[in-house]
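Notes follow the structure.
What follows is calculated from the coordinates using simple rules that are stated; it is not laboratory data. Please read these numbers as outputs of a predicted model, since none were measured by experiment. When we count neighbours, we look across all protein chains shown, and the Cβ atoms used for this are built from the backbone with ideal geometry, even at glycine.
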Amino acid sequence: MIELSHITKVFNRGEVNEVTALKDVDLTIAKGDFVVLTGSNGSGKTTLLNVISGAVLPGGGRVRIKGEDVTDMPEHRRSRWVARVFQNPLGGTAPELSILDNFRLAALRTQPKRLRIGIDDAFKKTVREKIAGLGLGLENKLQQPIGALSGGQRQALTMLMSAMDHTDILLLDEPTAALDPKSAEVVMQTAEKIVQAQELTTVLITHNLRDSLRYGNRLVHMHAGKIEYDLDAAARQQLKMEDLYAWFER
Amino acid sequence: MIFYLTALALGLCLSAMGLGIFITMKIFRIPDITTDGSYTLGGVVTAILLLREWPMPAVIAAAMAAGSVAGVLTGLVHTRLKIDALLSGILVMTGLYSINLNLLGRSNVPLNQENVIFSTLGPFEDDILNEFSVSLLIVVVLSALLAYVLRTDFGLAMRATGSSETMTRALGINNNRMKIIGLAIANAMTALTGSLVAQYQRFTDINMGIGIVLVGLGSVLIGDALIQWLGLRRVWLQLLVIVAGCILFQIVLATSLTLGVDPSMIKLITSLAVMAIVGIPRLVRRQAI
């Protein structure tokens, strides 16, 4: 589903604050894989995710999605395969628009936004049912601006929004980092449901060691712009929390 | 009474520009000051085409098209050359001054009373009634159209672009294209106002646009203060209040003239009024905290 070959990315090339974020990274992710991506701050995880989404264009190497070379394709055109949830709960929603308006746009992620009114009763009903599934009581606040909600509520809604339109790939960049434990639980449960129901190819960045052993079927660990460990489900079963902790020690 | 009716009509003419500035400033959060140039451009195109006796719908369409080209230019300078939006607007506005002067050929062209839109469309004998009714009709049509567009899927994408660019990019929206379209719509509406005001005052003047962006900003800020104060969320209500803001601003200016203020001081009054509208709420809020 996703093929990264010889990906290199240098920020601020030639300046005093030059940073090599990715060094000749190769990574192939099969359809239906759920990759958990770990690594300390500055190891290049988010840059790698952004290279897949198109938010960052690599300095060298090729990116393929579903066999198609998308190396130079801008972010907004890759949205036809890729849905995303950001670390910042404010990133995935438009605060001034209502919950309903936000969901409408999410439902058109892979389609053109036309000059017709798309929010009808059937659409409202679908959204209300989906939101009721969260159990947060937000289904009666569809007309409220989404900015009035808490970070946890917004992040849970963003997770639901990612499943409003067809998607192949789900990119989760520390979706629960800014949330309290209960909200984090709701968000991750929602994510699991969506991933399983739609058999998505998923990449999850997390700093939570427990989550990195709990979710997914593959663990990839990065250090200083390179992939250091790449464990399949069986190998990860053998892994203990202490081992994982030791990876971060060096 | 007649005095206020003319202020009302002028306020309605200026509402098209107010709605345009509302789009750029409040929906896209772009400070666009192409306005001064595209406003005059609307007046200039109108003067030229009326002298050649083009039919009125074509004149209006051409004026708006010219304005939208100015908006697209500002948008391209901003998004392609990555120049600050404010500077992009100044660049296009300044360039437009020469273009306007060359198109018009001289600094002032009078328009024929019989040809202006208020005479050709207006059903009444009385000029003031015609000016009022025709400008009201135009504003109602324009507001309804805009309210519809902003409720469509495309309109949602427009509004989201100004609200969260990371979100819109992730949802397949080309932010740069959206901004260019927004600037085009806004400046088309500004040019419409330029055309209407030129016909209203029966002449096009090369300097008619100087400082007009402040009139628009002041009107939108009054409207926006009312929107916040009343907590209005429905788009059509917001547009209506912006129109009210434009009219209110004209009435304030007209009142200051009746109080004996020298007409040559009108730009200073405008500037001070906008400063007060922006500044006073901030002072009050600071004291409340």
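Summed over qualifying helices (DSSP H, 4 residues or more, each -39500 (n - 2.57)) and divided by its residue number, chain B shows a 222 nm mean residue ellipticity of -26000 deg cm²/dmol. Calculated mean residue ellipticity, 222 nm, chain A: -9500 deg cm²/dmol, from DSSP H runs (n ≥ 4) at -39500 (n - 2.57) each, averaged per residue and rounded to 500.
For A:THR38, the residues whose amide H sits under 5 Å from its own are A:VAL220, A:HIS221, A:MET222, ignoring neighbours fewer than 5 places away on the same chain, with H placed 1.01 Å from N. In order along segment B:118-131, the Karplus-derived 3J(HN,Hα) couplings, from 6.51 cos²θ - 1.76 cosθ + 1.60 at θ = phi - 60°, round to 5, 7, 6, 9, x, x, 9, 6, 7, 4, 5, 4, 4, 4 Hz, and Gly and Pro are given as x. Taking the Cβ of each residue in A:GLU75, A:GLU18 as the centre, tally the other Cβ atoms inside 10 Å and list the residues starting with the fewest. Starting with the residue having the fewest Cβ neighbours, the order is A:GLU18, A:GLU75. Axis angle, to the nearest 10 degrees, between helix A:121-132 and the longest C-alpha principal axis of chain A: 50 degrees. When peptides A:121-128, A:30-37 are ranked by their average number of other Cβ atoms within 10 Å per residue, the highest-first order is A:30-37, A:121-128. For peptide A:162-169, the mean count of partner chain Cβ atoms within 10 Å of a residue's Cβ comes to 1. Once Rh for segment A:34-87 is found with the Kirkwood sum over Cα pairs, what is the Stokes-Einstein diffusion coefficient at 10 °C and 1.306 mPa s, in µm²/s? Reported coefficient: 132 µm²/s. In segment B:46-87 the Cα-Cα distances spread across 5 Å bins starting at 0 as 6, 23, 20, 12, 11, 11, 10, 7, 0 percent of all pairs. Summing +1 for each Lys or Arg and -1 for each Asp or Glu, what net charge is found among the other residues whose Cβ lies under 13 Å from the Cβ of B:ARG151? Here the count lands on +4. What angle, in degrees between 0 and 90 and rounded to the nearest 10, separates the Cα long axis of helix A:151-161 from the longest principal axis of the Cα atoms of chain A? The angle comes out at about 90 degrees. For the protein assembly as shown, the extents of the C-alpha atoms along the principal axes are 91, 50, 46 Å, listed from largest to smallest. Per residue, the average separation of C-alpha pairs within less than 8 Å and at least 6 apart gives chain A a relative contact order of 27 percent.
Translational diffusion of segment B:220-289, estimated by Stokes-Einstein from the Kirkwood radius over alpha carbon pairs at 37 °C in a medium of 0.692 mPa s, is 245 µm² per second. Dimensions of segment A:2-249 from C-alpha coordinates, computed as largest minus smallest value along each principal axis and given longest first, are 50, 39, 36 Å. For the pair A:THR20 and A:SER40, a Förster radius of 22 Å applied to the C-beta separation gives a FRET efficiency near 0.90, rounded to the nearest 0.05. Packing, taken as the mean count of other beta carbons within 10 Å per residue, orders the peptides A:89-96, B:190-197, B:84-91 from highest to lowest as B:190-197, A:89-96, B:84-91. Could you compute the net charge surrounding B:GLY162? Neighbours are other residues with a C-beta less than 11 Å from the C-beta of B:GLY162; K and R count +1, D and E count -1. Result for the local shell: +2. Per residue of A:79-90, other chain Cβ atoms within 10 Å of the residue Cβ number 2 on average. Given the options B:GLY279, B:GLY155, B:GLY218, state which has the largest fluctuation in a GNM of chain B using a 10 Å cut-off (strictly under) for Cα springs. For chain B, modelled as a Gaussian network with Cα springs under 10 Å, the answer is B:GLY279. Using the Karplus relation 6.51 cos²θ - 1.76 cosθ + 1.60 with θ = phi - 60°, the per-residue 3J(HN,Hα) values for segment B:132-139 come to 5, 5, 5, 5, 4, 4, 4, 5 Hz, with x marking Gly and Pro.
Computed across segment B:135-225, the Kirkwood radius stands at 15.3 Å (inverse of mean 1/r, all Cα pairs). DSSP beta bridges fully contained in segment A:78-227 are about 25 percent antiparallel. Treat segment A:75-200 as a sphere of radius equal to its Kirkwood radius over Cα pairs and apply Stokes-Einstein at 25 °C in a medium of 0.890 mPa s; give the translational diffusion coefficient in µm²/s, rounded to a whole number. The calculation lands on 168 µm²/s.
Annotation: amide H-H contacts under 5 Å for B:PHE203 (H modelled 1.01 Å from N, sequence separation of 5 or more, or interchain): B:LEU111. Computed from the Cβ-Cβ distance with R0 of 22 Å, the FRET efficiency linking B:ILE269 to B:LEU129 stands at 0.20.
Taking every C-alpha pair closer than 8 Å and separated by at least 6 residues, the mean separation divided by the residue count of segment B:2-207 gives a relative contact order of 45 percent.
Here the convex hull built on the C-alpha positions of segment B:2-207 has a volume of 112 cubic angstrom per residue. Bridges between two residues of the protein assembly as shown, per DSSP, are antiparallel at a rate of about 55%. Pairs from the table (A:LYS130/A:LYS193; A:LYS23/A:LYS45; A:LYS113/A:LYS193; A:LYS45/A:LYS240; B:LYS26/B:LYS82) lying more than 18 angstrom apart at Cα are A:LYS113/A:LYS193; A:LYS45/A:LYS240; B:LYS26/B:LYS82. The mean number of partner chain beta-carbon atoms within 10 angstrom of a residue's beta-carbon across peptide B:114-122 is 0. Ordered by the count of other Cβ atoms within 10 Å of each Cβ, fewest first, A:TRP81, B:TRP236, B:TRP229 give B:TRP229, B:TRP236, A:TRP81.
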